[in-house]
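To keep things clear, I will list the structure first and then write my remarks on it.
The values are calculated or read from the model by the stated rules, or taken from the named source; none is laboratory data. None of the values given here were measured: they were computed from a predicted structure. For neighbour counting, all protein chains shown are included, and Cβ atoms are generated from backbone atoms with ideal geometry for every residue, glycine included.
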Amino acid sequence: MIESLLVANRGEIARRIIRTARRLGVRAIAVHSEVDADLPFVREADEAVCVGPANPAQSYRNTEAILAAAASTGAQAIHPGYGFLSENADFARTVEASGLIWVGPGADAISAMGDKINARNLMAAAGVPVAPGTTEPAADLTAALAAAGEIGYPVMVKAAAGGGGMGMGVAADEDALRTEYDKVRAFAERMFGDGSVLIERYFPRVRHVEVQILGLADGRVVALGERECSVQRRNQKLVEESPSPAVSPELRERLLAAAVRAGEAVDYRNAGTVECLLVPGTDEFFFLEMNTRLQVEHPVTELVYGLDLVEEQLRVAAGLAPTFDPDALSPRGHAIELRINAEDPKRFLPGPGVIKTWVEPTGEGVRVDSGYVEGNTVTPFYDSLMAKLVVYADTRPEAIARARTAVADFALAGPKNNLPFFTELLDNQEFTAGTYDTTLITRMR
């Protein structure tokens, strides 16, 4: 097993990784920005290094500062968590070139899946279903209009290098495409340094279902079930559950097989997620993208499969066999994750501030992965996620009931928060029936 691990991240995911590292006897090293010095993950690490000011470009995305911290602390490996540098192929290569272990997929796999157009083409060649769309970037508006004419409106306009729900727009006709193309291209150039644009068929009513995969040290790729991620605002997830209430046993078999093929196509190692769009009522699904990292919503898979995915990541990176038998995977029960964000519950706009009250719910089947405690400040410099409230039970109705109680028992004051939204959602008929899709929040609001 790896002996010392630098966690190149912050907040709840850094705290989550550190918890597993310390359980395994691995020395955990945190890096932090100046404004994060008082957060729990810094105190709970065996060692901590300040890598710069609040601006992520000067701290959590500062490759030189992070590698210097690894060198000064004698770190053997780097775990990037999610976000920041986690899907930066150049950083992964630099880590390995420095003689360190990279806890994640190989840089070539990150590069292959980081460009949405290249990823689509690879998946199509591997026999994974993809939605109708362009096989190369739409170089200009004329090309975009021609592609949309062939695909058929409405279309999704996507930044090829984008991710996390950013850099997307929907065009219902030519006039809308003219506007969205320029908007998405400008955003992509500004945010990702790459203005390449993909045109893809847009499905007005769709479900977002993803498969957790794990590329093992011996070269095999295994699928650890699916997660339903259709409760979204601005194309970003708020709720995840496993298994999906929309997936039949037959469809599950096809989904998981396609995800394994996707991983095998890029010789995938370590944890990753194959995201798909599922057309309601048809059992038809399409590849969306692959996230070459640990997902925010990994706890629901952990609870259903009885695994610690961070431990499995460390074992793969160290060249060790998994803790489980890949040929005897046995999911049980139902898990739901609610993302507790510092944002108002109506418009979902960020509302940072000092946490005056923070009392987490407890009890059977309740898990809270949090990045903050009472007295901490949620700053405007980073993502608004404060904690993940995760519940587990034998059945979905029991999990929903447990989630209602946990939300009611979560005492939180100071920053704005979306707990009232979850109170509303957990009583929503579409959600409780399991018939919802990605437009649910729009209809609720």
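Structure data summary
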| quantity | calculated |
| --- | --- |
| The range 400-440, subset within 20 Å of Val390 (Cβ to Cβ) and charged (D, E, K, R), residue surrounded by the fewest Cβ atoms within 10 Å (Cβ to Cβ) | Asp427 |
| Residue among Phe287, Phe324 that alone is touching a strand residue (DSSP E or B) at 6+ places or on another chain (Cβ under 7 Å) and more than 18 Å from Val366 (Cα to Cα) | Phe287 |
| Within the range 213-237, considering residues that are under 21 Å from Lys158 (Cβ atoms) and out of contact with any Ser or Thr (no Cβ under 9 Å at 6 or more places or on another chain), the one surrounded by the most Cβ atoms within 10 Å (Cβ to Cβ) | Gln236 |
| The listed residue being closer than 19 Å to His298 by Cβ, of a type in the set (A, V, I, L, M, F, W, C) and buried (at least 18 other Cβ atoms within 10 Å of the Cβ), out of Val378, Val310 | Val310 |
| Which listed residue, of Glu150, Glu180, Glu210, is over 22 Å from the mean Cα position of the chain (by Cα), closer than 30 Å to Phe431 by Cβ and not in a loop (DSSP other than H, G, I, E, B) | Glu180 |
| Single residue of Met166, Met191 found to be touching a helix residue (DSSP H, G or I) at 6+ places or on another chain (Cβ under 8 Å), within 28 Å of Ala109 (Cβ to Cβ), not assigned by TED's automatic domain parsing to the domain that holds Gly319 and not in a strand (DSSP E or B) | Met166 |
| Members of the range 275-296 that are among the β-branched types (Val, Ile, Thr) and either within 15 Å of Lys237 (Cα to Cα) or touching a Pro at 6+ places or on another chain (Cβ under 9 Å) (or both) | Thr292, Val296 |
| Selection within the range 17-44 - within 20 Å of the chain's Cα centre (by Cα) and either surrounded by 24 or more Cβ atoms within 10 Å (Cβ to Cβ) or in the same structural domain as Val300 (by TED's automatic domain parsing) (or both) | Ile17, Ile18, Phe41 |
| Pair list, Cβ < 9 Å and 6+ apart or interchain, from the range 306-321 residues that are closer than 12 Å to Ile78 by Cα and free of Cβ contacts under 8 Å to residues at least 60 places away in the same chain to residues that are among the small types (Gly, Ala, Ser) and surrounded by 18 or more Cβ atoms within 10 Å (Cβ to Cβ) | none |
| Odd one out for Glu96 among (1) part of a helix (DSSP H, G or I); (2) touching a residue at least 24 places away in the same chain (Cβ under 8 Å); (3) within 24 Å of the chain's Cα centre (by Cα) | (2) |
| Top-ranked residue in the range 99-117 [being part of a helix (DSSP H, G or I) and either of a type in the set (Phe, Trp, Tyr) or touching a strand residue (DSSP E or B) at 6+ places or on another chain (Cβ under 7 Å) (or both); ranked as nearest to Gly133 (Cα to Cα)] | Ile117 |
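Quick grid of which residues meet (1) closer than 24 Å to Ile78 by Cβ; (2) in contact (Cβ under 8 Å) with a residue 40 or more places away in the chain:
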residue	(1), (2)
Ser230	no, yes
Glu240	no, yes
Ser248	no, no
Ala271	yes, yes
Pro280	no, yes
Asp283	no, no
Glu297	yes, yes
